[in-house]
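Trainee: Have a look at this one before I ask anything.
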Amino acid sequence: MIDLWNRLELIFAIPEEVFPEIEIIGLSEAATAQIAEYVVQNLRGVSTQFRTFSSEGQVPVLSAQQLVSGVSNGELIGAMGGELSISRFILPEMLFIFEEPGYMIIGYVTGLHWTPIRLIALFEFFRIVIQTNPQAKIELSKHFFGENWIRVFNQTLKSYLHEKE
């Protein structure tokens, strides 16, 4: 089994209080809906803030179905945050940002909250994303990480996803 922790610990267990981002690019509308629904169903301690594409003010989201439909077709722009549960493992606080159809950003808290098993759980979430939409790309944000870390992350993700095929 690939040792995610040895390769990526410094990306997640950064001692500073920063909130780096991982981008998910190239999602279909159907895949965006499926992933948003998965997040809604498995997020604990949820906080949300959404607006419509044409308004600046926050709009109330009255149901999970409204949220999933709105973010998948681009009518709603915003974020939901909390702790994502994957296979009975709880990930540290994350923010799932939906800015436009086909594009999602995951902001995550760094530090001692991350452990090897939590990192594996995150990569299982990435597996769900790729199974839902094989053309999607998952990348570290260039705003937070240099090319070397992006390359290491990409290689590690590719190895992990192919390891269990």
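The values are calculated or read from the model by the stated rules, or taken from the named source; none is laboratory data. Keep in mind it's a predicted model, so treat the numbers as computed, not measured. Neighbour counts run over all protein chains shown; Cβ positions are idealised from the backbone, glycine included.
Trainee: When you look at Gly78, is it over 19 Å from Val129 (Cα atoms), assigned to a strand (DSSP E or B), of a type outside the set (Val, Ile, Thr) and touching a helix residue (DSSP H, G or I) at 6+ places or on another chain (Cβ under 9 Å), yes or no? Give the steps one after another, and end with the answer.
Mentor: Numbers: over 19 Å from Val129 (Cα atoms): yes; assigned to a strand (DSSP E or B): yes; of a type outside the set (Val, Ile, Thr): yes; touching a helix residue (DSSP H, G or I) at 6+ places or on another chain (Cβ under 9 Å): yes.
Here the answer is yes, as Gly78 does meet what is asked.
Trainee: Quick one: is Ser72 surrounded by fewer than 16 Cβ atoms within 10 Å (Cβ to Cβ) and either touching a residue at least 12 places away in the same chain (Cβ under 8 Å) or farther than 14 Å from Tyr38 by Cα (or both)?
Mentor: no
Trainee: Related question: Here are some residues: Ile24, Ile14, Ile86, Ile90. Which one is within 18 Å of Phe125 (Cα to Cα) and touching a residue at least 60 places away in the same chain (Cβ under 8 Å)?
Mentor: Result: Ile24 is the single residue among Ile24, Ile14, Ile86, Ile90 that is within 18 Å of Phe125 (Cα to Cα) and touching a residue at least 60 places away in the same chain (Cβ under 8 Å).
Trainee: Next up: Which of the residues belonging to region 102-142 are touching a strand residue (DSSP E or B) at 6+ places or on another chain (Cβ under 7 Å), within 18 Å of Val71 (Cα to Cα) and assigned to a helix (DSSP H, G or I)?
Mentor: Val129
Trainee: How many residues does region 81-124 contain that are farther than 23 Å from Ile14 by Cα and under 14 Å from the mean Cα position of the chain (by Cα)?
Mentor: 4
Trainee: Every residue in region 121-150 that is modelled with pLDDT under 95 and under 13 Å from Tyr160 (Cα atoms), please.
Mentor: Once the filter is applied, which keeps residues that are modelled with pLDDT under 95 and under 13 Å from Tyr160 (Cα atoms), region 121-150 yields nothing.
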